[in-house]
Protein chains: 2
Amino acid sequence: MSSPSARGRRGRGRRAADQVRQEILQAAGDLLLESGMAGFTVEKVAALAGASRVTVHKWWPSKGALAFDGYFTVVASTLDDPDTGDVATDLTTQLRAFVHLMRDTRAGLVLRELIGHAQIDPELSTALRERYALPRAQRFIDTLERAKRKGQLRADVNSEDIVCQLWGACYFQLLVTGRPPLTDEFVTSIVRNMLVGIRTGPPTADDAGRRPAGVS
Amino acid sequence: MSSPSARGRRGRGRRAADQVRQEILQAAGDLLLESGMAGFTVEKVAALAGASRVTVHKWWPSKGALAFDGYFTVVASTLDDPDTGDVATDLTTQLRAFVHLMRDTRAGLVLRELIGHAQIDPELSTALRERYALPRAQRFIDTLERAKRKGQLRADVNSEDIVCQLWGACYFQLLVTGRPPLTDEFVTSIVRNMLVGIRTGPPTADDAGRRPAGVS
């Protein structure tokens, strides 16, 4: 079942296994960005990585899991998590990196395709959630929780809900409204709305945690 | 090409044409909720409505357009737009009606399937945008603009961005995170976050439009 490759077969030591794993992930991501889901097979990934199909299946239970892990691997480096000490800057930087990726690279098309298939394929739906959405969300939640600990965000807000209102806004544009392209200005607007709120008028009893002007 | 039906053929007057149109839409929506996209064809819709396939194609350029218009027709009555005079109440009511529909009826599965196919089918993607997303968004934008005119929302916020941050949050749960089920509490949380903001601390110069406490 194994495919020969220019890189040759790996040994069975721990370090070698990690390396094979990483090369499979890289191959999966590269193939996905090049061919989309239509051209994505476990066989092709195994051949590209110089690994056997059995090895690939040992680590990834399904084609969907491999696709999302591969996608995540090749785009991860573009989605670093800054820690400037200012939550508005950190959120804006993270969202703009995502928006840039969706707008200016093939990753946007591929992610749309992966999420699209996930709506009609239960196996891919599980992979989307476990291999992509939740790990990605966790990074953003970490940023929000750090800001809570620093007192920059209200302690009573639910970080998962904020992820939905910031990342969800971008995904909504990407998947549903198809409004032309995601812009840096859009990110600025949604972060500001989220931080400051959209309501006029003085704070009320409902605004626990927001201090009125002049109280430091 | 026409299919006989229990309802019989329609006349050609203006009122009759409107009626045929409405019955085709109803049939399309009913079929979709019953069979999903797998069992959805123009032929079946025409037969159910007692119309010809030619008539259906005259009004709907594609199967996707018919599917989204049909979906919109059968769920529209459950998504009325309240006008209580209080924007928080109106937004919460609209979002809860949607959340209820997604969680407690087959509409959620069908909408996921339609949006899923739209990611990999350009014709369905256009239909999603033009026949579903933009008309639905417009209703919500109307509510937001009304609240701006009443001075309940800041005049400088972009209503389309707010739609993304409220509806987008719900769609993100539905399509991406797959977090178990959309709840009324989730809606309460995201509306409150949106109106009040999540930041601590006193308003800054960036908060134009928010008046400090004590100034009426």
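The values are calculated or read from the model by the stated rules, or taken from the named source; none is laboratory data. These numbers come from a predicted model, not from an experiment. Positions of Cβ are generated from backbone atoms using ideal geometry, with glycine treated the same way; all protein chains shown enter the neighbour counts.
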Any residue at all in the range A:129-146 that is more than 20 Å from residue A:80 (Cβ to Cβ) and more than 15 Å from the chain's Cα centre (by Cα)?
-> no
Take the residues of the range A:72-110 that are under 20 Å from residue A:134 (Cα atoms), at pLDDT below 90 and among the polar types (S, T, N, Q): which is surrounded by the most Cβ atoms within 10 Å (Cβ to Cβ)?
-> A:73
Take residue B:121 and decide whether it is at pLDDT below 95 and either out of contact with any helix residue (DSSP H, G or I) (no Cβ under 8 Å at 6 or more places or on another chain) or not assigned by TED's automatic domain parsing to the domain that holds residue B:101 (or both).
-> no
Quickly run through the range B:131-140 and pick out the residues that are surrounded by 15 or more Cβ atoms within 10 Å (Cβ to Cβ) and without any contact (Cβ under 8 Å) to a residue 24 or more places away in the chain.
-> B:133, B:134
Under the condition of being under 23 Å from residue A:186 (Cβ atoms) and facing another protein chain (nearest Cβ under 7 Å), which residue from the range B:207-216 is modelled with the highest pLDDT?
-> B:207
Residue by residue through the range A:33-71, note down the ones that are buried (at least 21 other Cβ atoms within 10 Å of the Cβ) and either over 20 Å from the mean Cα position of the chain (by Cα) or among the aromatic types (Phe, Trp, Tyr) (or both).
-> A:40, A:45, A:46, A:49, A:51, A:56, A:60, A:68, A:71
